[in-house]
Structures are given as C-alpha cells and as structure tokens.
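> The structure's right below; bear with me while I get my questions together.
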C-alpha cells in the first residue's frame with residue numbers, strides 16, 4: 001500500500017491541473033467555432049509590432065512614476081547593431097498609490113518583449129471581472145508571464161504564471177459571471193471561461209478581430225479595450241498557434257521550464273502596471289531629458305593583456321590604449337568588473353565566409369541593460385579591422401552607440417574602418433581556439449530575448465553557445 005500514495009498524488013495533481021485549465025479547453029473559444037463568422041467579417045490588416053525595450057521607471061510625487069526607455073543597441077547582423085523602435089513615454093502609478101478597490105475606470109500598460117500595449121478598463125462593463133483583474137495587477141501576477149496562445153485573427157491569451165503554486169491558487173479562485181454589456185470587438189480584453197457558469201479565474205484574452213457574433217451570446221464579458229499598441233498585440237509570436245491549447249495542465253505543473261525548453265519563441269509580458277497616461281513618442285515627444293552623468297571609467301594602462309578562459313580553451317588579447325583610448329578604457333573597466341564572466345559568443349558568423357565572433361551579453365539581463373545606455377563617444381579607427389583585431393560593435397551609421405559588445409575579426413574586414421569600428425586590441429594567443437567556437441547559429445538569433453532574459457533563455461534554445469567562463473587582466 002505504501003506505493004499507492006505517490007501514484008494517487010500524481011493522479012490528483014494531474015486532475016487538479018486539468019480542472020484549473022478548464023478555461024482554455026472550452027469549445028466556446030476555438031477557431032473552428034469562429035470559422036463561419038470569420039468568413040463574413042472584414043479583417044483589418046495586421047500591423048507589424050515594433051521591438052521596444054522595457055521602460056526605466058522612477059517614482060514621482062503623489063506615487064506616480066514617469067518612465068522613458070531609450071533605444072538600446074541590438075545587433076542585427078555581424079558587428080552592426082540596429083536601433084530598437086522609438087520608445088513610448090509612460091506615466092505610471094505605483095500600485096500602493098492605487099485605491100484598495102477598483103475605480104470606475106483605470107488604465108493598465110502591458111510591457112512585453114515585443115512592445116507595449118495599454119488597456120482601459122471600465123468597471124460598469126463587468127464589475128466582477130474588472131475587480132479580479134485589478135487585484136491581479138496590484139499583486140504583480142502578470143510579471144514575466146508567457147503569452148502562450150496567439151491565434152491570428154482570433155485571440156491572444158495569457159494567464160498561467162510560471163509559479164505553479166501561484167497559478168493553482170488563482171486558477172482555483174473562480175468569480176461570478178457578469179452580463180455581457182459590451183461586444184467582443186477587436187481589441188477588447190475578456191476573461192476566458194469554461195462551459196459551466198462562474199468559471200472565470202485569472203486567464204484572459206485580447207480579441208484580435210471582431211468576435212462578437214460568436215462570443216457575446218456565450219457569455220464572454222469584456223472588461224476593457226486596448227487604447228494603445230494594438231499593433232503590439234497583433235505582433236505577439238503566433239507561430240505555435242493552438243499547439244499549447246491542450247497542454248496547459250503541463251504548464252501549470254512544470255511552470256515555464258517546460259515552455260522555455262520546448263516553445264522558446266513565445267513572447268512575454270514583462271510586467272503590467274497602472275498608468276496615468278501613455279503617449280506616442282512620435283506624436284507627443286517628451287521634454288528633452290537632463291543630460292545624465294556618464295558612469296566613470298577606469299584609465300587603462302598603455303598596454304594590457306586580457307585572458308579569456310572559454311569553453312573551447314584560452315584566448316589572450318593584447319590591448320593598446322593609443323589605438324582607441326575610450327574603447328580601451330571601457331573594455332578594461334568591464335573586465336575588471338567581471339562583466340564578461342559567463343558571456344556567450346552569441347554571434348559567430350563564418351558563412352558564406354568568415355566574418356566575426358561576438359560577445360558582450362552578461363548572464364544577468366539587468367546588468368546587460370544597465371550598460372545599454374552607457375554609450376561611448378565616437379573615436380577614429382587608427383588601426384584596421386584585420387584578422388584577429390578586436391573592436392566594439394555599434395549601430396550602423398551611428399558610431400556613438402558603442403556599449404559593451406565586442407567582436408573578434410575572423411577575416412580582413414577593413415571595410416569596417418570607415419564605419420566607426422575602431423580596433424583597440426588583437427588576439428595574440430588562441431586564434432585556433434577562436435576558430436573552434438560554435439558557429440551553428442550564425443546570425444539566426446533572437447537578440448531581444450537574449451538581452452531581456454539572459455542565461456535563463458539562452459541555455460534553452462541556444463544551449464550550444466560557447467562562452468567565456470572567466471575574463472581577467474593577465475601579465
């Protein structure tokens with residue numbers, strides 16, 4: 001009999017998971033049920049979603065937060081980095097400054113891995129649903145949440161936490177139904193529900209089309225509508241379609257380790273925050289920020305060597321401050337700070353011909369992001385980008401965008417000299433090690449997720465990256 005208990009426990013957990021995700025198994029919410037309606041409805045053209053970094057937030061008087069995110073240098077191909085989209089200006093409100101109960105109207109911004117969208121909620125539309133959503137936002141339930149179901153021209157759905165215990169707690173807590181007072185038109189935010197009455201809990205979807213004829217009669221009551229960034233919602237990764245619809249029990253049981261290992265391209269909600277307003281950066285440019293003081297750099301010696309202990313062997317770089325003083329000082333500072341320890345060689349481009357091996361992302365995404373704003377002033381290339389030379393990457397055409405990413409030239413790339421890529425050192429030992437670095441990914445990588453999730457992401461889809469185990473100044 002002793003062995004029966006673990007078996008019964010496993011069955012109980014499985015049954016509980018199936019019960020918890022009833023919201024997602026409902027036949028009311030499937031593309032098949034929508035087919036007849038879709039054939040008669042006009043579809044809006046799907047816009048491409050811009051990639052936008054998470055905004056930096058500071059608390060202002062009265063509990064409000066003013067946040068702006070500056071474009072960061074995100075490499076696109078080779079040593080060239082492309083700019084992220086113009087960021088939004090968000091005036092956020094700290095959760096503790098919001099009332100205990102949901103106000104008549106409030107706005108919530110969802111900062112996602114592909115951009116930002118905002119929803120305006122109306123309590124008179126669906127009081128029970130709005131109260132639950134308000135509570136979930138206040139406790140930070142949607143932080144780092146995967147949007148696991150995106151079906152084009154149908155819905156974008158989320159609501160299962162990466163914390164299994166937290167998911168079970170909230171998915172078990174059902175709320176009473178609300179009457180449908182507003183139609184499920186494109187952009188409305190609605191709770192998912194099961195076939196039985198009063199089964200809404202913590203899972204929601206945004207309608208990507210006018211689904212009112214199908215969903216309104218079945219009791220899906222919208223709680224709000226997207227008022228900003230619908231192109232972001234439509235741009236959420238939809239490549240998996242319905243693949244995860246029948247696997248929510250496994251998501252609840254295993255958390256995001258299951259998703260990140262098997263479905264790594266899913267977009268995420270970084271956080272959901274209450275906002276006073278959210279402005280279009282192009283239509284309403286914010287006041288010019290006060291010049292921020294740059295982080296002080298150490299002054300590098302005239303010549304110094306850096307040993308890179310890697311997963312393939314040791315590489316030694318000899319750096320010369322007179323070649324590019326600003327670059328040498330930055331690299332010297334970062335090495336001494338341990339920034340490159342654990343950094344992967346995330347771009348090793350050898351096809352159709354040898355080009356570069358690039359590194360410079362810290363395993364901790366918050367550390368990487370702190371350096372994205374620390375841009376170096378331009379300086380001329382006094383040496384050529386020949387094989388073995390080392391330089392900082394930058395955004396093409398903007399030599400003032402160098403930050404922390406560095407590349408080793410794998411060939412004579414002297415064409416980069418006039419583009420602002422200023423070598424500051426060269427490989428003096430270990431070019432044979434450089435030639436062994438894994439090049440299977442070439443330039444086919446998701447830089448936005450590599451930056452925003454760090455090693456928690458790249459150990460999954462990019463598990464074969466070679467990396468720097470230790471970078472240090474050597475004699």
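The values are calculated or read from the model by the stated rules, or taken from the named source; none is laboratory data. This one's a predicted model, so the numbers in the text were calculated from it and none came from an experiment. Positions of Cβ are backbone-derived with ideal geometry, glycine not excepted, and every protein chain shown enters the neighbour counts.
> Please work out which one of (1) over 25 Å from residue 268 (Cβ atoms); (2) at pLDDT 95 or above; (3) surrounded by 19 or more Cβ atoms within 10 Å (Cβ to Cβ) is the condition residue 179 fails and give its number.
Going through the list (1) over 25 Å from residue 268 (Cβ atoms); (2) at pLDDT 95 or above; (3) surrounded by 19 or more Cβ atoms within 10 Å (Cβ to Cβ), residue 179 breaks only (3).
> Still on this structure, please answer the following. Checking residue 275 against (1) at pLDDT 95 or above; (2) buried (at least 16 other Cβ atoms within 10 Å of the Cβ); (3) not in a helix (DSSP H, G or I): exactly one of these is not met. Which one?
Residue 275 satisfies all of (1) at pLDDT 95 or above; (2) buried (at least 16 other Cβ atoms within 10 Å of the Cβ); (3) not in a helix (DSSP H, G or I) except (1).
> When only residues in segment 133-168 that are touching a helix residue (DSSP H, G or I) at 6+ places or on another chain (Cβ under 9 Å) and more than 26 Å from residue 457 (Cβ to Cβ) count, which is surrounded by the fewest Cβ atoms within 10 Å (Cβ to Cβ)?
The residue in question is 138.
> Identify all residues within segment 423-464 that are touching a helix residue (DSSP H, G or I) at 6+ places or on another chain (Cβ under 6 Å) and at pLDDT 85 or above; write none if there are none.
Across segment 423-464, the qualifying residue is only 424.
> Now, a different point. Every residue in segment 227-246 that is more than 18 Å from the chain's Cα centre (by Cα) and buried (at least 20 other Cβ atoms within 10 Å of the Cβ), please.
Across segment 227-246, the qualifying residues are 228, 244.
> Moving on. Criterion first (crowded, with 23+ Cβ neighbours inside 10 Å and over 30 Å from the mean Cα position of the chain (by Cα)) does residue 430 satisfy it?
No; evaluated as a whole, the condition is false for this residue.
> Pick out the one residue from 436, 449 that is surrounded by fewer than 18 Cβ atoms within 10 Å (Cβ to Cβ) and touching a residue at least 40 places away in the same chain (Cβ under 8 Å).
Residue meeting the stated conditions: 436.
> Then there is this: I need the strands (runs of 3 or more DSSP E) fully contained in segment 86-180, keeping only those with at least 2 residues that are within 24 Å of residue 211 (Cβ to Cβ) and assigned by TED's automatic domain parsing to the domain that holds residue 224.
Result: 105-112, 115-122, 149-151, 155-158.
> Could you say which residue among 326, 372, 376 is in contact with a strand residue (DSSP E or B) (Cβ under 9 Å, 6 or more places away or on another chain), in the same structural domain as residue 443 (by TED's automatic domain parsing), at pLDDT below 95 and surrounded by fewer than 21 Cβ atoms within 10 Å (Cβ to Cβ)?
Numbers: 326 fails: at pLDDT below 95; 376 fails: surrounded by fewer than 21 Cβ atoms within 10 Å (Cβ to Cβ).
Only one candidate passes the filter, namely 372.
> Confirm whether residue 197 is surrounded by fewer than 15 Cβ atoms within 10 Å (Cβ to Cβ) and touching a helix residue (DSSP H, G or I) at 6+ places or on another chain (Cβ under 7 Å).
Values: surrounded by fewer than 15 Cβ atoms within 10 Å (Cβ to Cβ): yes; touching a helix residue (DSSP H, G or I) at 6+ places or on another chain (Cβ under 7 Å): no.
Answer is no for this residue.
> Continuing with this model, one more query. Out of segment 208-257, which residues are in contact (Cβ under 8 Å) with a residue 60 or more places away in the chain, farther than 25 Å from residue 171 by Cβ and either not in a strand (DSSP E or B) or not assigned by TED's automatic domain parsing to the domain that holds residue 169 (or both)?
209, 210, 213, 229, 230, 231, 232, 234, 235
> Only residues that are surrounded by 15 or more Cβ atoms within 10 Å (Cβ to Cβ) and touching a strand residue (DSSP E or B) at 6+ places or on another chain (Cβ under 6 Å): list them for segment 95-115, please.
Across segment 95-115, the qualifying residues are 98, 106, 107, 108, 109, 110, 111, 112, 113.
> To continue, here is another question. Filter segment 342-369 down to the residues that are within 18 Å of residue 449 (Cβ to Cβ), buried (at least 17 other Cβ atoms within 10 Å of the Cβ) and touching a helix residue (DSSP H, G or I) at 6+ places or on another chain (Cβ under 8 Å) and list them by number.
We begin by selecting, within segment 342-369, every residue within 18 Å of residue 449 (Cβ to Cβ); these are 342-347, 358-369.
Going one step further and asking which of them are buried (at least 17 other Cβ atoms within 10 Å of the Cβ), we end up with 342-347, 358-362, 365, 368-369.
Within segment 342-369, 342, 344, 346, 361, 362, 365, 368, 369 meet the criteria.
> Of all residues in segment 307-323, which are within 21 Å of residue 436 (Cβ to Cβ), touching a helix residue (DSSP H, G or I) at 6+ places or on another chain (Cβ under 7 Å) and crowded, with 21+ Cβ neighbours inside 10 Å? Steps first, answer last, please.
First, the residues of segment 307-323 that are within 21 Å of residue 436 (Cβ to Cβ): 307-318.
Subsequent filtering for residues that are touching a helix residue (DSSP H, G or I) at 6+ places or on another chain (Cβ under 7 Å) retains 310, 312-315.
Residues satisfying the conditions are 310, 315.
> Here's another thing I want to ask about it. Any chance segment 258-269 includes a residue that's touching a helix residue (DSSP H, G or I) at 6+ places or on another chain (Cβ under 7 Å), outside any loop (DSSP other than H, G, I, E, B), free of Cβ contacts under 8 Å to residues at least 12 places away in the same chain and farther than 25 Å from residue 176 by Cβ?
yes
> Tell me, which residue of segment 194-207 that is assigned to a loop (DSSP other than H, G, I, E, B) and under 28 Å from the mean Cα position of the chain (by Cα) is farthest from residue 135 (Cα to Cα)?
Filtering first and then ranking leaves 203.
> Check off (1) out of contact with any strand residue (DSSP E or B) (no Cβ under 8 Å at 6 or more places or on another chain); (2) under 18 Å from residue 149 (Cα atoms) for residue 219 and give me the number that stays unchecked.
Residue 219 satisfies all of (1) out of contact with any strand residue (DSSP E or B) (no Cβ under 8 Å at 6 or more places or on another chain); (2) under 18 Å from residue 149 (Cα atoms) except (2).
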